[in-house]
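Engineer: Below you'll find the structure I mean.
The values are calculated or read from the model by the stated rules, or taken from the named source; none is laboratory data. Keep in mind that what you see is a predicted model, and the values were worked out from it rather than measured. Heads up, the Cβs are rebuilt from the backbone with ideal geometry, glycines too, and the neighbour counts pull from every protein chain shown.
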Amino acid sequence: MLKLISRFRLKEWLGVLLCALLIVGSVYFDLRIPEYTKEISRLVQSEGHTVNEIWAVGAKMLLLGLASLGVAIITGLLSALIAANFSKRIRNSLFDKVQSFSLEEIKKFSTASLITRSTNDVTQIAMVIAMGLHVLIKAPVMAVWAMAKISVKNVGWTTATAVALVFMIFSIVIIMIIAAPRFRKMQRLIDDVNRDLRENLTGLKVVRAYNAENFQEQKFEQSNSNLTKNSLGAFRAVVFMNPLINMVQNGLTLAIYWLGASIINSAADALSKIGLFGDMITFSAYSTQVIMSFLMMTFIFMFMPRANASAVRINEVLNTQTKISDGILTQGAEKNGEEITGEVEFKNVSFKYPDAQECVLENISFVADKGETVAFIGSTGSGKSTLINLVPRFYDATEGEVLIDGGNVKHYTQEALRNKLGYVPQQAVLYGGTVNDNIAFGDNGQENPTEEEILQAAKVAKCADFIQKMPDGFNSHIAQNGANLSGGQKQRISIARAIARKPEIYIFDDSFSALDFKTDKELRNALKKHTVGATLLIVAQRVGTIMDADKIVVLEQGKMVGIGTHQQLYKTCEIYTQIVNSQLSMEETYERKSNK
């Protein structure tokens, strides 16, 4: 918690200082009121005093109470402002940090956990700061100041107060020992609930298609029950705190009055009795304020274990060192006095996932020259998508070099590297907004695409027709993740987004799988005409999608077992021949070869 609080800025520390000064003033006003209570008691019991005198003292008490109330309101508003601004900044820091994470760090924390850390955990911190700035300053100041005032009144009363405090502190410590571990565990259990809920909502179609509602309900019920049991265990322990405080407070009041009755009864004269009675009223008020101060601190201590656990989880994210760091290159190398553009080269590249024993890719080497189309094919799990992910540095190669325009991708700034790329992922990702917003999404260092360029990109991607039939055309609304579109429609809009970017290098990670054969062929023909001079890297399962590529790289169990054109590989690469024969009839294969 202290590490997170150390992120306070100067203006926030100044706000804390101002809160402290205001709280000291509020305590001063609160502690003056019992003194006037004693004065009123003396005026009421003594002869020769008028009602106006009592009203005058009462007016002073009212003014002190109003002053204390006003200061408390200002302190509350100021502490809430500090907490809100700090939590806003922490959320921004978390979001920015997650934006810099590679896929490795994302998988380490999990999406559900990162969502909880950015929302619920930050809320816990904000709540403790808002309450703590008021309570953690006021409670000890009030307790010490009040104890200093009552310690000189009477040894018996002071002893009774001390005994009550020792008993209360001991009881609170026992309760917190029981409750604190459960509060710390609570945030992890919220992660589990968040994960199961998110998984169910994401896969709702599959759940319904397989009649798996009961299974999902049981799964959610388990995580929900774990959170409920843990929460009940924590709050059952804490629930004893309030009656315990009331018992101590009422018991202390009875003890003070019982001792006071004995002391007053033994006084020598009426004047002494009046003074002792006033002292007893004052002492009772001060002792109540001491108990209430500890009660306020108790509520903070109740939330502190959970907030501390949240702070640890937030710091874990903020202090994580990303494996993907920026280089210094902003452009490619030069050749014959001109900048190299659109060239991709793999030099003896091997890669294995973190904590994995075996490499997913081994000794991959090939060159994609500017303007070439290089395709990758192989069985499921052969490493095609993993290979493609090394180009935009979603992961870094374990061995060897990945070169873009003559420079190692590790030496580029991430922004400059990705400005060169137009990436279409395996699963089309769309964002809530309009069609225009989704096609013009992102920034690659150029001016935003115009409406004409967006329309042209949509025509090349073969999605202009269905977009123009939508109610508002290119201004039509797209639901989150494209929920109101089909898989093929989402895929074509994703392709249009890459085209509108006008990159040097296009990366298609199995991006034509949701298209029918006719649309696939038409799109590829249009794409070939539109992307003259650009380099295309295509991962595909269909042989028909990649037969016209300049180079085809065949992968098997992470190794490159063939590279060449379709005709060359069909004759020389057994694995490629098997793939072709499994997808195309011999007659269709012959016709395609003849057409070439």
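Engineer: Quick one: which residue in Tyr423, Tyr395, Tyr412 is closer than 30 Å to Ser486 by Cβ and under 37 Å from the mean Cα position of the chain (by Cα)?
Structural biologist: Tyr423
Engineer: Just give me the residues in the range 269-293 being among the β-branched types (Val, Ile, Thr) and in contact with a Pro (Cβ under 6 Å, 6 or more places away or on another chain), in sequence order.
Structural biologist: Thr282, the sole residue that qualifies.
Engineer: I've got another one for you. Looking for whichever is of a type outside the set (Lys, Arg), at pLDDT 90 or above and touching a helix residue (DSSP H, G or I) at 6+ places or on another chain (Cβ under 6 Å) here; the options are Ser476, Ser494. Which one fits?
Structural biologist: The unique qualifying residue is Ser476.
Engineer: Right, another one. Under 7 Å between Cβ atoms, at least 6 apart or on separate chains: pull out the pairs that start in the range 290-317 with a residue that is in the same structural domain as Arg184 (by TED's automatic domain parsing) and end on any residue that is not in a helix (DSSP H, G or I).
Structural biologist: Ala307/Met1; Asn308/Met1; Ala311/Met1
Engineer: Inspect the range 102-111 for any residue being assigned to a helix (DSSP H, G or I), of a type in the set (A, V, I, L, M), without any contact (Cβ under 8 Å) to a residue 24 or more places away in the chain and closer than 29 Å to Tyr395 by Cα and give the result as yes or no.
Structural biologist: Yes, the range 102-111 has at least one match.
Engineer: Hey, Ala267 hits all of (1) in contact (Cβ under 8 Å) with a residue 12 or more places away in the chain; (2) in contact with a helix residue (DSSP H, G or I) (Cβ under 7 Å, 6 or more places away or on another chain) but one; which does it fall short on?
Structural biologist: Status for Ala267: all satisfied but (1).
Residues are listed down the side, and each one gets a yes or a no for (1) surrounded by fewer than 21 Cβ atoms within 10 Å (Cβ to Cβ); (2) in the same structural domain as Met470 (by TED's automatic domain parsing); (3) in a loop (DSSP other than H, G, I, E, B):
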residue	(1), (2), (3)
Lys490	no, yes, no
Ala496	no, yes, no
Ala526	yes, no, no
Leu536	no, no, no
Gln541	yes, no, yes
Gly544	yes, no, no
Tyr576	no, no, no
Asn581	yes, no, no
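Engineer: Would you please name the residue that is nearest to Ile90 (Cα to Cα), looking only at residues in the range 293-328 that are of a type in the set (Lys, Arg) and in a helix (DSSP H, G or I)?
Structural biologist: Arg313
Engineer: Name every residue in the range 190-240 that is touching a Ser or Thr at 6+ places or on another chain (Cβ under 7 Å) and aliphatic (A, V, I, L, M), in order of residue number.
Structural biologist: Result: Ile190, Val193.
Engineer: Does Ala84 fit the bill of being over 21 Å from Met142 (Cβ atoms) and either in contact (Cβ under 8 Å) with a residue 12 or more places away in the chain or touching a helix residue (DSSP H, G or I) at 6+ places or on another chain (Cβ under 8 Å) (or both)?
Structural biologist: So Ala84 passes the test.
Engineer: Which pairs do you get when a residue that is under 28 Å from Met131 (Cβ atoms), found in the range 58-75, comes within reach of a residue that is among the small types (Gly, Ala, Ser), reach meaning Cβ atoms under 6 angstrom, with the pair 6+ apart or on two chains?
Structural biologist: As it stands, the answer is Ser68/Ser26; Val71/Gly25; Val71/Ser26; Ala72/Ser26, since those pairs meet every condition given.
Engineer: Please indicate, with yes or no, whether at least one residue in the range 470-487 is surrounded by 14 or more Cβ atoms within 10 Å (Cβ to Cβ), over 30 Å from Glu343 (Cα atoms), touching a strand residue (DSSP E or B) at 6+ places or on another chain (Cβ under 9 Å) and polar (S, T, N, Q).
Structural biologist: Yes, there is a match, as at least one residue in the range 470-487 is surrounded by 14 or more Cβ atoms within 10 Å (Cβ to Cβ), over 30 Å from Glu343 (Cα atoms), touching a strand residue (DSSP E or B) at 6+ places or on another chain (Cβ under 9 Å) and polar (S, T, N, Q).
Engineer: Okay, moving on. When you go through Ile454, Ile439 one by one, which is the residue that is closer than 12 Å to Ile499 by Cβ, crowded, with 18+ Cβ neighbours inside 10 Å, among the β-branched types (Val, Ile, Thr) and without any contact (Cβ under 8 Å) to a residue 60 or more places away in the chain?
Structural biologist: Within the list Ile454, Ile439, the selection yields Ile454.
Engineer: Hey, could you check the range 342-370 for residues that are outside any strand (DSSP E or B) and basic (Lys, Arg) and say which is surrounded by the most Cβ atoms within 10 Å (Cβ to Cβ)?
Structural biologist: Step by step, filter the range 342-370, then rank; the result is Lys352.
Engineer: A further question on this structure: Can you pull out every residue in the range 63-84 that is of a type outside the set (A, V, I, L, M) and under 24 Å from Arg32 (Cα atoms)?
Structural biologist: The answer is Gly65, Ser68, Gly70, Thr75, Gly76.
Engineer: From the list Asn214, Asn250, exactly one residue is free of Cβ contacts under 8 Å to residues at least 40 places away in the same chain and farther than 22 Å from Ile174 by Cβ. Which is it?
Structural biologist: Asn214
Engineer: For Val391, which of the numbered conditions (1) surrounded by fewer than 20 Cβ atoms within 10 Å (Cβ to Cβ); (2) under 20 Å from Glu104 (Cα atoms) fails to hold?
Structural biologist: (1)
Engineer: Within the group Lys370, Lys410, which residue is closer than 26 Å to Ser325 by Cβ and basic (Lys, Arg)?
Structural biologist: Lys410
Engineer: Another question about this same structure. Let me confirm something: among Thr123, Thr75, which residue is crowded, with 21+ Cβ neighbours inside 10 Å, assigned to a helix (DSSP H, G or I) and in contact with a helix residue (DSSP H, G or I) (Cβ under 9 Å, 6 or more places away or on another chain)?
Structural biologist: Residue meeting the stated conditions: Thr75.
Engineer: Another question, if that's okay. Would you check if Lys229 is surrounded by 13 or more Cβ atoms within 10 Å (Cβ to Cβ) and either part of a helix (DSSP H, G or I) or under 40 Å from the mean Cα position of the chain (by Cα) (or both)?
Structural biologist: Taking the combined requirement at face value, the residue does not satisfy it.
Engineer: Can you name the residue in the range 1-41 that is among the aromatic types (Phe, Trp, Tyr) and touching a helix residue (DSSP H, G or I) at 6+ places or on another chain (Cβ under 6 Å) and is also modelled with the lowest pLDDT among such residues?
Structural biologist: So, considering only residues that are among the aromatic types (Phe, Trp, Tyr) and touching a helix residue (DSSP H, G or I) at 6+ places or on another chain (Cβ under 6 Å), the one modelled with the lowest pLDDT is Tyr36.
Engineer: If the requirement is being outside any helix (DSSP H, G or I) and in the same structural domain as Met142 (by TED's automatic domain parsing), which of these qualifies: Arg89, Arg7, Arg42, Arg32?
Structural biologist: Every option except Arg7 fails the conditions.
Engineer: Being exposed (fewer than 13 other Cβ atoms within 10 Å of the Cβ) and in a helix (DSSP H, G or I) is the filter here; which residues of the range 45-55 pass it?
Structural biologist: Val51, Asn52, Trp55 - these are the residues of the range 45-55 that are exposed (fewer than 13 other Cβ atoms within 10 Å of the Cβ) and in a helix (DSSP H, G or I).
Engineer: I want to confirm something. Restricting to the range 236-247 and keeping residues that are under 17 Å from Arg184 (Cα atoms) and touching a residue at least 24 places away in the same chain (Cβ under 8 Å), which single residue is surrounded by the fewest Cβ atoms within 10 Å (Cβ to Cβ)?
Structural biologist: Ala237
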